[in-house]
Amino acid sequence: MIGEPPKSIVHPTDLSFASQDAFAHALRIALASRGVLHVLHIESKGVDAEDWDRFPHVREMLARWGLIDAATPRHEIEAKTGVKVLKASISADTPVHGVAAYVERHLSDLMVLMTHNRSGLERWLEGSVAEDTVRETHSPALFLREDQPGFIDRETGKVSLNTVLMPVEASVPPLDAFRHIADFAHALNPAAEVRLLHVGEELPLFEGLLPHIELRQGPVIETILDYAQKIGADLIAMPTQGRRGLLDALRGSTTERVLHESPCPLYAIPAK
């Protein structure tokens, strides 16, 4: 395994039941990397002391996964599991600015976010807090939609991350992104396979610097999604440079369009 998996993970949450799956993924990733998990809530006023129970219950989930005893004191969780969990509630003018400031201050390696699957017009008119936050922070991000299964079982903690699909193109440098997603996947499952896909007429020049790249022709979005279905991808990893030009601003970037139709979670990796 090259390098290190993410060590500082931020999970912004709206404290809803739907966000529990994203929290389970964030916690399991933090366990695999023996890192720090920041569970973050943004609201106009800070959470009162008696409201901390609104946050996801770390001890209960770890006990359900069989990793600690249900009676384990909170102060012993880090020693027993290797993961440190910090819960924070901060005030900000908008959720996007609040999360972005927190991520920058705490040098986050990864954000884990739940996003809602809305229609194109609704997304364009109202935007997406999760997607806007990632654009603001330029941080790697794992997106889970509430209408799709993830690769972490919330009840058992079991990992089912076996196949990762990473599309590549000449305009977005892929080498750092490939190393990053390989580190991430192998921390959770050492046998996980990262498969590469290029949609176009011929392989780009970096072919030979990476493992085998599957070459397919066709519409980019549809071809990525069809190939993900064919290989049974558990995760799609997208190197991204953000939006480019008026067309992308109106229709969404390639990464965003894949996210909204993907059969599995999506991991966005900003290109260096």
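The values are calculated or read from the model by the stated rules, or taken from the named source; none is laboratory data. If you're wondering where the values come from, they're calculated on a predicted model, not measured in any experiment. Note that we place each Cβ from the backbone using ideal geometry, even for glycine, and neighbour counts take in every protein chain shown.
Quick notes
- Residue match in the range 100-111 (condition: in a strand (DSSP E or B) and either within 25 Å of I152 (Cα to Cα) or modelled with pLDDT of 80 or more (or both)): yes
- Per-region count, the range 214-254, residues modelled with pLDDT under 90, not in a strand (DSSP E or B) and not aliphatic (A, V, I, L, M): 10
- Residue that is nearest to V103 (Cα to Cα), among those in the range 69-87 that are hydrophobic (A, V, I, L, M, F, W, C) and surrounded by 18 or more Cβ atoms within 10 Å (Cβ to Cβ): V85
- For N117, the stated conditions do not hold, so it cannot be described as surrounded by 13 or more Cβ atoms within 10 Å (Cβ to Cβ), among the polar types (S, T, N, Q) and at pLDDT 90 or above.
Residue-by-condition table, conditions (1) buried (at least 19 other Cβ atoms within 10 Å of the Cβ); (2) in a helix (DSSP H, G or I); (3) modelled with pLDDT of 90 or more; (4) assigned by TED's automatic domain parsing to the domain that holds I181:
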| site | (1), (2), (3), (4) |
| --- | --- |
| S19 | yes, yes, no, no |
| L27 | yes, yes, yes, no |
| H41 | yes, no, no, no |
| D53 | no, yes, no, no |
| P56 | yes, no, no, no |
| M61 | yes, yes, yes, no |
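- Single condition S171 does not satisfy, out of (1) out of contact with any Pro (no Cβ under 6 Å at 6 or more places or on another chain); (2) surrounded by 14 or more Cβ atoms within 10 Å (Cβ to Cβ); (3) under 20 Å from P270 (Cβ atoms); (4) of a type outside the set (A, V, I, L, M): (2)
- Test: V159 is surrounded by fewer than 23 Cβ atoms within 10 Å (Cβ to Cβ), among the β-branched types (V, I, T) and in contact (Cβ under 8 Å) with a residue 12 or more places away in the chain: yes
- Selected residue (criterion: farthest from L161 (Cα to Cα)) from residues of the range 177-194 that are surrounded by fewer than 18 Cβ atoms within 10 Å (Cβ to Cβ) and touching a strand residue (DSSP E or B) at 6+ places or on another chain (Cβ under 7 Å): E193
- Each residue in the range 166-182 was checked for being among the basic types (K, R) and within 16 Å of G200 (Cβ to Cβ), and 0 of them qualify.
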